[in-house]
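Notes to accompany the following structure.
The values are calculated or read from the model by the stated rules, or taken from the named source; none is laboratory data. Keep in mind that this is a model prediction, so the values were computed, not measured. Counting neighbours? That spans all protein chains shown, and the Cβs are built from the backbone with ideal geometry, glycine included.
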Amino acid sequence: MDAEEEKPKAFKVEDRRRFSSEGELKAEHRADAPHTGASASTGESAMPPPPPPSDAGTGFTAVNQPAGTAAPIGDMSFATFMVGLSTQALVHLGEMPDPQSGQFAEDLFAAEQLIDLIAMLQDKTRGNLDEGETQLVQSILFELRMKYVERARQGPH
């Protein structure tokens, strides 16, 4: 073993959030603020400024979109994510047609997995959601569980 022990490298924590705790855009991220190339708090070189926001939403494109024909996808939020999961569960419960085939199909096992996933997300995000998000998750879970029990009692179609 070496006589010299390697010292662990120090790490630097840098706040790169664009908004303050009050929800205001920080000065270094405003389009009208001059960019100095250095962090105001440390004086060290900062990352280049982000590109200006586009009118095309998030800039993400649909997966099956050919290159050059970018169609914007809406902003993703926790509520949008949860509604997407619940919609998938409704498809598996046979409440909605499959978006690809247009056919109604029932897959209770897949529906159960999605319901369990939403319940796990509810547990893991407890205390980190605002009141509206908490109520949304609770109502989604209640509705999906009721529909699941109803379908499971009816038996396979």
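For the reader, a short list of remarks on this structure follows.
- Residues in the range 106-157 that are closer than 14 Å to Phe78 by Cα and acidic (Asp, Glu): Asp130, Glu131, Glu133.
- The set of residues in the range 89-99 being within 15 Å of Glu143 (Cβ to Cβ) and either under 24 Å from the mean Cα position of the chain (by Cα) or surrounded by fewer than 15 Cβ atoms within 10 Å (Cβ to Cβ) (or both) consists of Ala89, Leu90, Val91, His92, Leu93, Met96.
- Summed over the range 100-147, the residues that are surrounded by 11 or more Cβ atoms within 10 Å (Cβ to Cβ), in contact with a Ser or Thr (Cβ under 9 Å, 6 or more places away or on another chain) and not aliphatic (A, V, I, L, M) give a count of 5.
- Taking first residues from the range 130-148 that are in the same structural domain as Leu108 (by TED's automatic domain parsing) and partners that are surrounded by 15 or more Cβ atoms within 10 Å (Cβ to Cβ) and among the polar types (S, T, N, Q), the Cβ contacts under 8 Å between residues at least 6 apart in sequence or on separate chains come to Val137/Gln122; Gln138/Gln122; Ile140/Ser86; Leu141/Gln122; Glu143/Ser86; Leu144/Ser86.
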